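Colleague: Here it is: the structure, laid out below.
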Amino acid sequence: MRVILAQPRGFCAGVVRAIEIVERSLEKFGAPVYVRHEIVHNRHVVERLQRMGAVFVDQLDEIPDGAVTIFSAHGVAQSIIDEARTRGLPVLDATCPLVSKVHHQGKRYVARGRALILIGHAGHPEVEGTTGQVGAPVHLVSTVEDVARLELPDDAPVAYVTQTTLSVDDTRGVIAALQARFSDLEGPNVSDICYATQHRQSAVRDLCAAADLLLVVGSRNSSNSNRLREIGVEQGLPSHLIADGSELDPAWLKGVRTVGLTAGASAPEELVLDVIETLRRHGDVEVEQLDGVQETIEFRLPPELRSDVTVAPRKVATTVR
Ligand code: SF4
C-alpha cells in the first residue's frame with residue numbers, strides 16, 4: 001500500500017503559538033493555569049496540556065480570582081475581555097493574529113457605518129468571538145440561500161468578513177451572491193484571510209487526484225478538519241475524519257492501493273505517524289509526501305512569555321485588549 005502525505009498538513013502558526021502560550025505559562029507561572037475553551041480543537045492536545053496542569057473551562061466564573069487565564073486561539077467576545085478586566089484576572093490572549101485581524105476589519109467597517117455580514121458557521125467559537133467583538137449587530141450567513149434571506153435593503157451600505165477556517169474556495173459562492181445582491185458592498189481581500197486554511201485545502205485537492213481513499217486526522221469539532229474531509233467527498237473519494245489510528249476501520253482499506261493522508265490545522269504530527277503505524281499492521285506500507293508549499297510563517301508570543309522581553313509577572317494582565 002502507498003501512503004501519500006499532503007504538504008502542508010497539520011499545525012498552523014496560530015495553533016503552534018496558542019499551544020506554546022499554555023506551555024510557557026505553565027513553566028513561568030506554575031500549574032494550574034486556566035484556559036477558556038479548548039485552546040485548539042484537538043482532544044489529544046487538550047489532554048496533554050491537562051496532564052501538564054492546564055485546566056479547561058467554558059466560562060470565566062469557573063476560574064478562581066487571581067488565576068492565570070488564557071483565551072483560546074479562536075478569539076473571544078469583548079464582553080469576556082471586559083469581564084476578565086473587571087475581575088482583575090491576569091490574562092494571556094492566545095487568539096490567532098489572523099482572527100484578531102478579522103475582528104479589526106469588522107470594527108472598521110462598522111465604524112464607517114456599514115451593516116456587517118459574517119460568512120461563517122453558527123455556534124463556532126470564532127464566530128461567537130467575532131460577533132461579540134464588533135459592537136454592532138452582525139448578520140451571519142453560511143450559504144447562498146442565507147444571502148437571499150438577509151433582511152437588509154439591497155442598496156444599504158454593507159460589508160462582509162469571513163471565518164478564518166473557510167478558504168477562498170469555500171466563500172466564493174457566498175461572496176458572489178452578496179455582490180449580485182448588494183449595490184454598495186465592501187469586503188477584505190479574502191486571499192489573505194488565512195494562508196493555512198487555503199494551503200491545506202489546495203494540498204488535499206492535489207492529494208485526492210493521486211489517492212483511492214482519503215484519511216483526515218483531526219477532531220470532530222475541528223471546523224477546518226471537517227472541511228478537508230468534505231473536499232475529499234466532493235472529489236469523489238471515500239473520505240474519513242479520524243482522531244488517531246485507533247479510529248481506522250480496516251474495512252475502508254479493502255481494494256485500496258493508495259491512501260491519501262492529511263491532518264487539520266489543530267492535529268499534531270504524532271497522530272499522523274500513529275495512523276501510519278496502524279496502516280502498517282494491515283500490510284507493507286510505502287510512505288511518500290506530495291510536493292507542496294513549505295510554510296515559514298511564525299507568530300510572536302505575547303511579551304510576557306518571550307525570553308527576549310522582561311515584564312513583571314504582576315503586569316501579565318496588561319495583555320487584555
Ligand atoms: S487556521 Fe489560520 S486563523 Fe486559524 S489558528 Fe491557524 S493560522 Fe490562525
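Colleague: Have a look at GLY264, GLY255, GLY30 and tell me which one the Gaussian network model of the chain (Cα, springs below 10 Å) gives the largest fluctuation.
Modeller: Comparing GLY264, GLY255, GLY30 in the GNM, the peak value goes to GLY255.
Colleague: Below 12 angstrom from the Cβ of GLY173, what's the summed charge of the other residues (Lys, Arg +1; Asp, Glu -1)?
Modeller: Numbers: positive: ARG172; negative: GLU145, ASP146, ASP169, ASP170.
Overall, the nearby charge balance is -3.
Colleague: Label region 1-77 by shape, choosing from rounded, prolate and oblate, from the square roots a ≥ b ≥ c of the eigenvalues of the Cα gyration tensor; if a/c is under 1.5 it is rounded, and otherwise prolate applies when a/b is larger than b/c, oblate when it is not.
Modeller: Numbers: a/c = 2.46, a/b = 2.09, b/c = 1.17.
Here region 1-77 falls in the prolate category.
Colleague: Rank these for me by crowding, HIS282, HIS139, HIS74, going from fewest to most other beta carbons within 10 Å.
Modeller: Ordered by Cβ neighbours within 10 Å, fewest first: HIS282, HIS139, HIS74.
Colleague: Which GluC sites (Glu not before Pro) does region 95-166 hold that lie in a coil by DSSP with at most 15 other beta carbons within 10 Å?
Modeller: Working: sites: GLU126, GLU128, GLU145, GLU151; in loops: GLU151.
Counting only loop positions with at most 15 other Cβ atoms within 10 Å, the GluC sites (Glu not before Pro) in region 95-166 are GLU151.
Colleague: Let me ask something else. Using a cut-off of under 18 Å, list every residue of region 86-128 whose amide N is near the label point 7 Å from the Cα of ALA156 along the Cα-to-beta-carbon line.
Modeller: The answer is 106-120.
Colleague: Out of residues 5 or more away from GLN133 or on other chains, whose amide H comes under 5 Å of its own, with H placed 1.01 Å from N in the peptide plane?
Modeller: The list, which skips near neighbours in sequence, is GLN78.
Colleague: Another one. Counting helices only, and only those DSSP H runs with n ≥ 4, report the 222 nm mean residue ellipticity of the chain as the sum of -39,500 (n - 2.57) divided by its residues, in deg cm²/dmol to the nearest 500. If you can, show how the numbers build up before the last one.
Modeller: Numbers: 10 runs with 119 residues, N = 321.
Rounded to the nearest 500, the figure is -11500 deg cm²/dmol.
Colleague: Continuing with this model, one more query. For GLU277 and SER191, what is the calculated FRET efficiency with R₀ set at 35 Å and r taken between the beta-carbons, to the nearest 0.05?
Modeller: Values: r = 37 Å, r/R0 = 1.06.
The formula returns an efficiency of 0.40 here.
Colleague: If you don't mind, there's one more thing I want to ask. What residue among PRO125, LEU178, GLY106 has its Cα farthest toward the positive end of the dipole of region 98-192, where the charges are +1 on Lys, Arg and -1 on Asp, Glu, each on the Cβ?
Modeller: The residue sitting farthest along the positive end of the dipole is GLY106.
Colleague: Now for a separate question. Less than 14 Å Cβ to Cβ from GLU128, Lys/Arg counted +1 and Asp/Glu -1: what total charge do the surrounding residues give? Numbers along the way, then the final one.
Modeller: On the way: positive: ARG36; negative: GLU38, ASP58, GLU126.
Here the charged neighbours net out to -2.
Colleague: How much length would be gained if the chain were fully extended between GLU20 and ASP291, taking 0.36 nm per residue of separation minus their Cα-Cα distance, in nm to one decimal? Could the numbers behind the result be given before it?
Modeller: Working: separation 271, 0.36 × 271 = 97.56 nm, distance 2.80 nm.
Between GLU20 and ASP291, full extension yields an extra 94.8 nm.
Colleague: Give the shape of the chain as rounded, prolate or oblate, defined through the alpha-carbon gyration tensor: a ≥ b ≥ c are the square roots of its eigenvalues, a/c under 1.5 means rounded, and otherwise the shape is prolate if a/b is larger than b/c and oblate if not. Could the numbers behind the result be given before it?
Modeller: On the way: a/c = 2.22, a/b = 1.15, b/c = 1.93.
Note, shape of the chain comes out oblate.
Colleague: Collect residues whose amide H, placed 1.01 Å from N in the peptide plane, falls under 5 Å from the amide H of LEU92; neighbours closer than 5 in sequence don't count.
Modeller: THR69, ILE70, PHE71
Colleague: For region 34-110 and region 172-186, write down the distance between their C-alpha centroids in whole Å.
Modeller: For region 34-110 versus region 172-186, the Cα centre distance is 33 Å.
Colleague: Give me the net charge of ARG2's neighbourhood, meaning all other residues with Cβ under 13 Å from the Cβ of ARG2; Lys, Arg count +1, Asp, Glu -1.
Modeller: Details: positive: ARG257, ARG280; negative: ASP212, ASP284, GLU286, GLU288.
Summing Lys and Arg as +1 and Asp and Glu as -1 gives -2.
Colleague: What is the set of long-range amide H partners of ALA115 at a cut-off below 5 Å, with H atoms built 1.01 Å from backbone N?
Modeller: VAL158, ALA159
Colleague: Follow-up. Positive end of the dipole of the chain, charges at C-beta (+1 Lys, Arg; -1 Asp, Glu), about the Cα centre: which of ILE4, VAL22, GLY187 has its Cα farthest in that direction?
Modeller: Positive-end residue among those listed: VAL22.
Colleague: Follow-up question, since we're still on this one. Exposure proxy check: SER100, SER222, SER246 ranked by fewest other beta carbons within 10 Å?
Modeller: Numbers: SER100 17, SER222 25, SER246 9.
So the residues, fewest neighbours to most, are SER246, SER100, SER222.
Colleague: Let's see if you can work this out: charge +1 on each Lys and Arg Cβ, -1 on each Asp and Glu Cβ, no other charges. What is the dipole magnitude of the chain about its Cα centre, in debye to the nearest 20? Before the final figure, lay out the partial values.
Modeller: Details: 33 positive and 43 negative charges, 119 e Å.
It comes to approximately 580 debye.
Values in this text are rule-based calculations from the coordinates and carry no lab data. Because the structure is predicted, anything quoted here is derived from the model rather than measured. Backbone-built Cβ (ideal geometry, glycine too); neighbour counts: all protein chains shown.
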